[in-house]
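Notes follow the structure.
The values are calculated or read from the model by the stated rules, or taken from the named source; none is laboratory data. Just so it is clear, the model here is predicted, and its values are computed rather than measured. All Cβ positions, glycine included, derive from the backbone under ideal geometry; neighbour counts span all protein chains shown. Accessible surface is based on the protein model in full, side chains and every heavy atom, while ligands, DNA and RNA are left aside. Shrake-Rupley method; radii C 1.70, N 1.55, O 1.52, S 1.80 Å.
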Amino acid sequence: MISVENIVKSFEDQSRRTTVLRDVSFHVNRSEIFTLLGPSGSGKTTSMRCVAGLETPDSGRIELDGDAVFCSRSLVNTPPNKRGLGMVFQSYAIWPHMSVGENVAYPLSRRRFSRDEIKAKVRRALAQVDLLALADRPAPNLSGGQQQRVALARAIVNDPAILILDEPLSNLDAKLRLQMRAELVELQRKLGLTMLYVTHDQEEALSMSSTLAVMRDGEVVETGDPITLFEAPKTRFTAEFLGLSNFLPGKVLVGEGGSDSIAIDTEFGRFAGTRRKGETAAPELFFRPHHAGLDASNDDGLNIGRARLVAKTFLGELMEITLQGKENSVKLRVHPSSEIQMGEMVAFRVEPRHSLIFSS
Ligand code: ADP
Ligand code: MG
């Protein structure tokens, strides 16, 4: 539905040219929520603006629903208003001198619709975001959450097949953000929209998306479904960016046949796991805190680590503990009823399928 191929984009800034998108490609399927996730400055907004036609890439190709809307080779560059997209930005860009209904009607004003048609479309869009009762309210009197809904209603008033949203929830308080996540997903399902979503918030991305593309420094590092990216990241960057993580340096023991199953000796113990070749300077064991379980077996076997408990934080549903070795520490998440004491030597087990070994 959205196909972005080899987009390069640079900006001239005080007579210096900087490339902010190096070679960005991704593909969004019909009726899915596809999220660009990455730290600030990684090129998410620029990518999105290229899709919308608000920026012109230096090179590459963009297709919407099978039609090229930008192609540097065949010199296609469809203007934004002809791309058939709905857009929501972080700043809701709501006109203060207009009512809610007038704001929502704004994208229709330059098209040939009768008054009755416009009224019907605006009412339908407002109803879809539960705002019908506020149609005549002046825009400045709205709460943050209501403004968000107005921006959303305005984005869908033209019945676009594709909705693109750039950090639409980042101005809302935590509770409202959670509620709006669910509402956005519901709206997407109800209308069968194809959604291109941008956020720097890992949890938001993991909970809402069918597919994620992780961006860094103007590049897509990794694309996949949330569970795969979270549980089995291909790169150290994704592993670290997507959630709590432990990295332990060590020495790799290579098995025969160059297999993907290798082992690593860390200061806590020896772990077998899956090899991830890549950028890392020194070999490291990676695992997520919730994948480690306390081990009472007194075994000295593979995939068991030992270290002293130096911190214990009760988090309600679970307890976060820190184990300290000579040079490194790990954080684990265990059941709060666990009776381990400060200063105690603690053994933990991480199954090989949850142990990733990054090595060059
Ligand atoms: P993100 O949305 O991931 O935070 P952006 O796409 O906004 O990242 O920005 C990526 C990089 O491009 C940043 O370094 C930013 O400073 C730069 N950039 C964005 N827009 C412009 C512009 N109009 N002129 C110059 N540099 C820009
Ligand atoms: Mg941005």
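Scan the stretch 88-128 for residues that are of a type in the set (A, V, I, L, M, F, W, C) and at pLDDT 90 or above and report the count.
Kept after step one, since they are of a type in the set (A, V, I, L, M, F, W, C), are these residues of the stretch 88-128: 88-89, 93-95, 98, 100, 104-105, 108, 113, 118, 120, 122, 125-127.
Next cut, at pLDDT 90 or above only: 88, 98, 100, 104-105, 118, 120, 122, 125-127.
Going through the stretch 88-128 one residue at a time, the tally reaches 11.
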Checked the stretch 12-22 for anything away from ligand 2 (no atom under 14 Å from the Cβ) and of a type outside the set (Asp, Glu); matches are Gln14, Ser15, Arg16, Arg17, Thr18, Thr19, Arg22
Determine which member of the set Arg149, Arg216, Arg189 is in contact with a helix residue (DSSP H, G or I) (Cβ under 9 Å, 6 or more places away or on another chain) and more than 16 Å from ligand 1 (Cβ to nearest atom).
-> Arg149
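Hey, can you tell me all the residues within the stretch 221-257 that are within 14 Å of the chain's Cα centre (by Cα), part of a loop (DSSP other than H, G, I, E, B) and charged (D, E, K, R)? Break it down stepwise before answering.
Of all residues in the stretch 221-257, those within 14 Å of the chain's Cα centre (by Cα) come to 221-230, 233, 237-243.
Narrowing further to those that are part of a loop (DSSP other than H, G, I, E, B): 225, 233, 243.
Asp225, the sole residue that qualifies.
Select from the stretch 269-316 the residues that are in a loop (DSSP other than H, G, I, E, B) and in contact with a Pro (Cβ under 9 Å, 6 or more places away or on another chain) and write down the one among them that is modelled with the highest pLDDT.
Asn303
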From Thr199, Thr228, Thr211, which residue is open to solvent by 60 Å² or more (accessible area, probe 1.4 Å), assigned by TED's automatic domain parsing to the domain that holds Ser170 and modelled with pLDDT of 95 or more?
-> Thr228
Taking the stretch 317-354 on its own, how many of its residues are within 19 Å of Asp300 (Cα to Cα) and in a strand (DSSP E or B)?
-> 9
Among the residues of the stretch 23-79, which ones are surrounded by 19 or more Cβ atoms within 10 Å (Cβ to Cβ), on the phi > 0 side of the Ramachandran plot and away from ligand 2 (no atom under 16 Å from the Cβ)?
-> Gly53, Gly60
Within the stretch 62-101, tally of residues that are outside any loop (DSSP other than H, G, I, E, B), more than 29 Å from the chain's Cα centre (by Cα) and touching a residue at least 24 places away in the same chain (Cβ under 8 Å) | 3
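If you check Pro168 against the conditions, is it assigned to a loop (DSSP other than H, G, I, E, B), away from ligand 2 (no atom under 16 Å from the Cβ) and either open to solvent by less than 50 Å² (accessible area, probe 1.4 Å) or in contact with a Gly (Cβ under 6 Å, 6 or more places away or on another chain) (or both)?
Values: assigned to a loop (DSSP other than H, G, I, E, B): yes; away from ligand 2 (no atom under 16 Å from the Cβ): no; either open to solvent by less than 50 Å² (accessible area, probe 1.4 Å) or in contact with a Gly (Cβ under 6 Å, 6 or more places away or on another chain) (or both): yes.
Answer is no for this residue.
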Identify the residue in the stretch 118-143 that is touching a helix residue (DSSP H, G or I) at 6+ places or on another chain (Cβ under 6 Å) and outside any loop (DSSP other than H, G, I, E, B) and, among all such residues, is surrounded by the most Cβ atoms within 10 Å (Cβ to Cβ).
-> Ala125
